Amino acid sequence: MSLRSPLGRVLGLGTAKDGTSHWWGQRVSGIALAVLGLWFAWCLATMSGFSYAEAVAFISRPVNALLLLLLSVTMAYHSYLGVQVVIEDYVHSHGLKTASLLLSRYAHIVLAAAAVFAILKLGIGA
Amino acid sequence: MNNHERPLSPHLSIYRWPVTMATSILHRATGVGMAVGFIVLVGWLFDAASGPDVYAKFLAVMDSTIGCVLLVGLSYAFFFHLANGIRHLVWDTGRGLEKEQATASAWYVIVASIVLTAAFWWVAS
């Protein structure tokens, strides 16, 4: 016998009210990052050098710019989900926890925006 | 109420660390490390977009001793988090959760992370 209401069972959201979306989002972005991360690691290892000209040439190549966009946005999302859990686990004071979570969310959005802006500027403008 | 005489349940400091405990906390530590790595990645992209003068400063920081230690650490964090992340995905399918299997896969992950990091720097150099 279950004490859950029929509505609660259908919604399947549990006590945290967000169901499996956090867990699932972490898996989906994690699989994508395994591929994108290995591609980027391979690019870094085989790059001829890291001078300004070499870096700009690498980032502005269309295929690289596209994959770097995907990498940056996916990494921001995956990192946000992970850091959120770390904060929730270790920061116990309610006020500090809320402030840390807000700060982390804003910081990840700023970083993602900075990456997207930089890639587009080099990929389209330069 | 006096709680001092009550027995405490055993916690982290009591156990001899099994390797699975080490990989568990390392997954979190390397995950936080990759969050720092994300800042470095964005710094690289943004400084490149900001022009040669700003980019030169980024290169100077990464070429310093602290920068090199950071980059080697980040490369290890990436490969550990990648290998152990795949271990987590296998667990998600319900496989490999027996104690002996989890201990064996923990060692596979540790060896793989070291080999991949060494291979990365070998290809890079």
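Each peptide in A:46-52, A:70-76, A:10-16, A:81-87 gets a packing score, the mean of other Cβ atoms within 10 Å over its residues, and the list from highest to lowest is A:70-76, A:81-87, A:46-52, A:10-16. Taken residue by residue and averaged, Cβ atoms of other chains lying within 10 Å of the Cβ of B:28-37 number 4. D by Stokes-Einstein for chain A, Kirkwood Rh over Cα pairs, 37 °C, 0.692 mPa s: 189 µm²/s. Only DSSP H runs of four or more residues enter the estimate; each adds -39500 (n - 2.57), and after division by the residues of chain A the mean residue ellipticity at 222 nm equals -26500 deg cm²/dmol.
Packing, as the average of other Cβ atoms within 10 Å across residues, places the peptides A:20-27, A:108-115 in the order A:108-115, A:20-27, highest first.
Per DSSP H run of at least 4 residues, take -39500 (n - 2.57); add these up for chain B, divide by its residues and hand me the 222 nm value, nearest 500 deg cm²/dmol. It would help to have the intermediate numbers written out before the result.
Values: 4 runs with 97 residues, N = 125.
Roughly -27500 deg cm²/dmol at 222 nm, from the helical runs in chain B.
Net length available on complete extension from A:W42 to A:S2 is 9.2 nm, with 0.36 nm assigned per residue and the Cα-Cα distance removed.
How large is the Kirkwood hydrodynamic radius of the range B:19-124, counting all unique pairs of alpha carbons, in Å?
Numbers: mean 1/r = 0.0654 Å⁻¹.
One decimal place: 15.3 Å for the Kirkwood radius.
Listed peptides B:31-37, B:94-100, A:31-37, B:79-85 appear in the order B:79-85, B:31-37, A:31-37, B:94-100 once ranked by packing, highest mean of other Cβ atoms within 10 Å at the front.
When the dipole is taken about the Cα centre of the protein assembly as shown, and only Lys, Arg (+1) and Asp, Glu (-1) are charged at their Cβ, what size is it in debye, to the nearest 20?
Values: 15 positive and 11 negative charges, 124 e Å.
Charge dipole, the protein assembly as shown, about its Cα centre: 600 debye, nearest 20.
The ranking of B:Y15, A:Y80 by Cβ neighbour count inside 10 Å, starting from the fewest, reads B:Y15, A:Y80. Remark: mean inter-chain Cβ contacts per residue of A:49-55 equal 5, using a 10 Å Cβ-Cβ cutoff to other protein chain atoms.
Read the figures in this text as sums done on the coordinates, not as results from a lab. The shown structure was predicted, so the numbers you read here are calculated from the model rather than taken from an experiment. Cβ: placed from backbone, ideal geometry, glycine included. Neighbour counts: every protein chain shown.
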